[in-house]
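Below you'll find the structure, written out as structure tokens, and then a few comments.
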């Protein structure tokens with residue numbers, strides 16, 4: 001197993017933001033691996049939730065981003081724009097009814113008229129499961145954000161109990177049935193269910209960071225062939241390795257975050273061994289993903305590498321809406337009942 005690869009991919013977007021902020025302020029960058037930072041954030045969230053429970057004098061049920069933080073899921077760095085809807089950095093608390101909301105400083109109450117999958121993450125702290133929390137956010141997030149969040153929940157090395165794409169499928173199918181069955185007094189399925197169904201078609205397992213997920217989506221939205229994710233290979237040195245994304249013709253596309261500044265020599269040796277093994281390496285940095293123009297140039301570099309290896313030319317100037325890609329994927333899916341013998 002490629003230990004450098006494991007460490008390299010374990011930093012999320014918001015942690016890269018913190019790295020650059022510390023550099024601008026002349027402070028020592030925080031290079032703690034993502035898993036340890038998530039554990040630290042999880043412990044802080046436990047403390048905040050227990051404090052909220054003590055202030056209201058009763059158990060609370062947490063949802064949305066709070067539930068995901070409690071279970072160690074890396075979150076997008078766009079949280080502030082969700083402050084007025086599902087709390088963002090505030091506590092997200094589920095009320096038992098629309099008129100049963102409690103005034104609690106630092107918290108936002110909202111009601112979801114759906115069956116809830118709840119868990120106790122520690123004594124006195126209850127929240128909805130990760131898939132349920134993901135679905136609650138579907139109506140508020142863009143499709144791209146929803147897919148990246150789902151991929152983050154599906155990451156190989158998680159703090160929460162492992163889930164699969166089938167778990168997302170089962171939950172969303174239940175939500176779709178609510179309107180048909182008039183369950184919970186509903187006349188239609190919950191809002192966001194259509195977006196969630198599209199997102200499921202684009203979910204991929206085995207990602208190791210949110211930025212890998214964003215890079216994957218950017219490539220397919222530019223019309224490039226779908227890459228393999230964290231594909232295990234054996235290098236010419238005899239060492240095992242995994243590539244972020246492996247495309248046709250042996251083109252390797254990997255995301256290197258800001259934390260790689262602290263391990264340049266290791267990265268240089270790893271890349272040399274990859275290229276000696278016959279692969280064509282394309283490095284993608286945070287700057288390559290920062291703006292539409294930067295992403296367009298990055299896609300051209302990948303397309304050029306593919307053409308060099310396969311002889312196939314790709315035009316990457318246009319961006320295909322992810323909704324259109326998801327709809328095409330849904331049309332191509334064989335209904336599960338047809339697969340039953």
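The values are calculated or read from the model by the stated rules, or taken from the named source; none is laboratory data. Remember, predicted model here, so these are calculated numbers, not experimental data. Positions of Cβ are generated from backbone atoms using ideal geometry, with glycine treated the same way; all protein chains shown enter the neighbour counts.
Listed residues 138, 133; which is buried (at least 20 other Cβ atoms within 10 Å of the Cβ) and assigned to a helix (DSSP H, G or I)?
None of the others qualify; the one that does is 133.
Filter the helices (runs of 4 or more DSSP H) completely within the stretch 1-85 down to those with at least 3 residues that are modelled with pLDDT of 70 or more and buried (at least 19 other Cβ atoms within 10 Å of the Cβ).
Numbers: elements: 3-8, 13-24, 34-56, 64-70.
Those helices (runs of 4 or more DSSP H) span 34-56, 64-70.
Hey, residue 212 hits all of (1) modelled with pLDDT under 95; (2) within 16 Å of the chain's Cα centre (by Cα); (3) not in a helix (DSSP H, G or I) but one; which does it fall short on?
Failing condition for residue 212: (3).
Every residue in the stretch 216-241 that is farther than 19 Å from residue 279 by Cα and touching a helix residue (DSSP H, G or I) at 6+ places or on another chain (Cβ under 7 Å), please.
Once the filter is applied, which keeps residues that are farther than 19 Å from residue 279 by Cα and touching a helix residue (DSSP H, G or I) at 6+ places or on another chain (Cβ under 7 Å), the stretch 216-241 yields 217, 218, 220, 221, 222.
Take the residues in the stretch 160-180 that are surrounded by 16 or more Cβ atoms within 10 Å (Cβ to Cβ) and not in a helix (DSSP H, G or I); name whichever of them is modelled with the highest pLDDT.
Here the answer is 163.
When you check residue 143 against the structure, is it touching a helix residue (DSSP H, G or I) at 6+ places or on another chain (Cβ under 8 Å), surrounded by 18 or more Cβ atoms within 10 Å (Cβ to Cβ) and at pLDDT 95 or above, yes or no?
yes
Test each condition in (1) over 29 Å from residue 163 (Cα atoms); (2) modelled with pLDDT under 90 for residue 280 and report the one that comes out false.
It is condition (2) that residue 280 fails.
State whether the residues of the stretch 333-341 include one that is within 22 Å of residue 229 (Cβ to Cβ) and either modelled with pLDDT of 95 or more or part of a helix (DSSP H, G or I) (or both).
No, the stretch 333-341 contains no residue that is within 22 Å of residue 229 (Cβ to Cβ) and either modelled with pLDDT of 95 or more or part of a helix (DSSP H, G or I) (or both).
Against the definition (surrounded by 20 or more Cβ atoms within 10 Å (Cβ to Cβ) and assigned to a loop (DSSP other than H, G, I, E, B)), how does residue 190 come out, yes or no?
For residue 190, the condition - surrounded by 20 or more Cβ atoms within 10 Å (Cβ to Cβ) and assigned to a loop (DSSP other than H, G, I, E, B) - is met.
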